[in-house]
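Report on the structure given below.
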Amino acid sequence: MLKKVFLLLVKYMPIIQMVAMLVSNTLYCFNVITEAKDLPDYLVGGSLMTTILLYACSYVLKLGSWHRLIVTAYIINITIAAIDVLHRIPITNVQLLLSYYIVAVLFLVIIVINKLKCNKDVSI
């Protein structure tokens, strides 16, 4: 039972983290969240170390390339966020938010193309 719960958590954690990051940043960008702006990040956000652990679990548990692609997209987004915090990228908050969405959509398109390609190869 615990193994199944662990597998479910590892399998869907990157998706939950990515969605939470996008929603949190969208709400913050449009001033919906002002006082507790870091609360969503503390609740479901992740660090680079936990994301690397998810990446390792993806290989060990053989969760598939789609899982590693989502983890990679999340790593790219938290790297962009870290660079912005440290060096202040000279773009507006909306442009920064759009960069997060572009990365997420780009990797989602890659996942769909890979999935369609795999399904096509199986049916032939």
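Looking across segment 85-115, the residues that are free of Cβ contacts under 8 Å to residues at least 24 places away in the same chain, open to solvent by less than 80 Å² (accessible area, probe 1.4 Å) and among the polar types (S, T, N, Q) come down to Thr92, Ser99.
All of Ile70, Ile16, Ile76 fail the test of being in contact (Cβ under 8 Å) with a residue 24 or more places away in the chain, closer than 19 Å to Ile110 by Cβ, among the β-branched types (Val, Ile, Thr) and open to solvent by 50 Å² or more (accessible area, probe 1.4 Å), apart from Ile76. The sole residue among Ser58, Ser24 that is surrounded by 14 or more Cβ atoms within 10 Å (Cβ to Cβ), touching a residue at least 40 places away in the same chain (Cβ under 8 Å) and small (Gly, Ala, Ser) is Ser58.
Of the numbered criteria (1) outside any helix (DSSP H, G or I); (2) touching a residue at least 12 places away in the same chain (Cβ under 8 Å), the one Leu43 fails is (1). Among (1) surrounded by 12 or more Cβ atoms within 10 Å (Cβ to Cβ); (2) closer than 12 Å to Ile78 by Cβ; (3) not acidic (Asp, Glu), there is one condition Phe6 misses while meeting the rest; what is its number? With respect to (1) surrounded by 12 or more Cβ atoms within 10 Å (Cβ to Cβ); (2) closer than 12 Å to Ile78 by Cβ; (3) not acidic (Asp, Glu), Phe6 is out only on (2).
Yes or no, residue by residue, for (1) within 19 Å of Ala20 (Cβ to Cβ); (2) part of a helix (DSSP H, G or I):
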| residue | (1), (2) |
| --- | --- |
| Leu69 | yes, yes |
| Thr72 | yes, yes |
| Ile80 | yes, yes |
| Leu86 | no, yes |
| Pro90 | no, no |
| Leu97 | yes, yes |
| Val109 | no, yes |
| Val112 | no, yes |
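Screening Val32, Val60, Val44, Val23 for residues that are among the β-branched types (Val, Ile, Thr) and modelled with pLDDT of 90 or more leaves exactly one candidate, Val60.
The values are calculated or read from the model by the stated rules, or taken from the named source; none is laboratory data. The shown structure was predicted, so the numbers you read here are calculated from the model rather than taken from an experiment. Glycine also receives a Cβ, built like all others from the backbone with ideal geometry; neighbour counts cover every protein chain displayed. Keep in mind that these areas ignore ligands, DNA and RNA; they rest on the heavy atoms of the full protein, side chains included. Shrake-Rupley method; radii C 1.70, N 1.55, O 1.52, S 1.80 Å.
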